[in-house]
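In what follows, a single structure is set out as structure tokens and then discussed.
Here, each number is a calculation from the coordinates, and none is a lab measurement. Keep in mind that what you see is a predicted model, and the values were worked out from it rather than measured. Please note: Cβ atoms are built from the backbone with ideal geometry, for glycine as well, and neighbour counts cover all protein chains shown.
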Amino acid sequence: MSLLTLGELNTENRLLRLPEVTLLTGLPTSTIYLKMKSNDFPKQMKIGPRSVAWLESEINEWIINNARRR
């Protein structure tokens, strides 16, 4: 994953915390972490000593790709 420039920051590249990710995907926390472990879900990024988040654009892309596989 590359670093974002200021020009690339927009609403699609905002950071989502776990409650938002579960709300958007409909997946429970345990399933998200299982899918991450098997490389079937976007990886989280560390945003603090005890905090992680996901890029909204990666979550949206995952949702769209899953919808296409139906």
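Summary table below
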read-out	value
P(r) tail fraction, segment 19-63 - alpha-carbon pairs more than 12 Å apart, %	61
Pairwise label distance in nanometres, Arg50 with Arg14, each label 7 Å out on the Cα-Cβ vector	2.5
Long-range amide H partners of Arg14 with built H, under 5 Å	Glu56, Ser57
